[in-house]
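Scroll down for the structure; my scribbles are underneath it.
The values are calculated or read from the model by the stated rules, or taken from the named source; none is laboratory data. Remember, it's a predicted structure, so these values are computed and weren't measured experimentally. Quick reminder, even Gly has a Cβ in these numbers, built from the backbone with ideal geometry, and neighbours come from all protein chains shown. Quick note on the areas: whole protein, heavy atoms, side chains included, nothing else; ligands and nucleic acids left out. Shrake-Rupley method; radii C 1.70, N 1.55, O 1.52, S 1.80 Å.
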Amino acid sequence: MSPAVKYTLGRLGLFAASFTALLPVPLNPLVKLMVAFVASAALSFLLLRKWRDEMAEQLGSIASKRSAEKERLRSALAGDETAAAAGDRVTAADAEDAAPGKAKA
């Protein structure tokens with residue numbers, strides 16, 4: 001399961017638990033939702049640090065790959081033959097990864 005999905009489900013679970021804990025309290029339902037939202041945010045900051053860090057690392061690696069590909073494309077468009085040739089290899093490798101029946105890592 002991806003770190004982003006784990007973190008999101010953890011946040012939703014904390015929100016549901018906070019709201020459930022507030023059900024017996026005699027408050028307006030909208031106030032209960034707001035209090036549960038703030039409480040779940042504070043709890044997630046304390047309890048879900050590892051998952052948040054994993055998600056940030058995953059998003060950072062995706063961003064760096066996109067930046068590298070963007071630079072390669074700009075170089076290829078500027079006339080750099082090696083960048084254009086590297087793009088052909090990347091495209092071929094992506095095609096192999098996307099082949100039907102092949103499991104992604």
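Miscellaneous remarks
- Simple spin-label estimate for residue 65 and residue 12 in nanometres, 7 Å along Cα-Cβ: 2.4
- Working note: Karplus 6.51/-1.76/1.60 with θ = phi - 60° gives the stretch 21-35 the couplings 5, 8, 4, x, 6, x, 10, 4, x, 5, 5, 4, 5, 5, 5 Hz, where Gly and Pro are set to x.
- Karplus-based coupling profile of the stretch 46-61, in residue order and whole Hz: 8, 8, 10, 4, 4, 5, 5, 5, 4, 5, 5, 5, 5, 5, x, 5, with θ = phi - 60° in 6.51 cos²θ - 1.76 cosθ + 1.60 and x standing for Gly or Pro.
- Whole-percent carbon and sulfur share, accessible surface of the stretch 1-62, 1.4 Å: 76
- Taking other residues whose beta carbon is less than 14 angstrom from the beta carbon of residue 64, and scoring Lys, Arg as +1 and Asp, Glu as -1, yields +1.
- For the stretch 37-42, backbone phi angles converted through the Karplus equation (6.51, -1.76, 1.60; θ = phi - 60°) give residue-by-residue couplings of 5, 5, 5, 5, 5, 5 Hz, Gly and Pro being listed as x.
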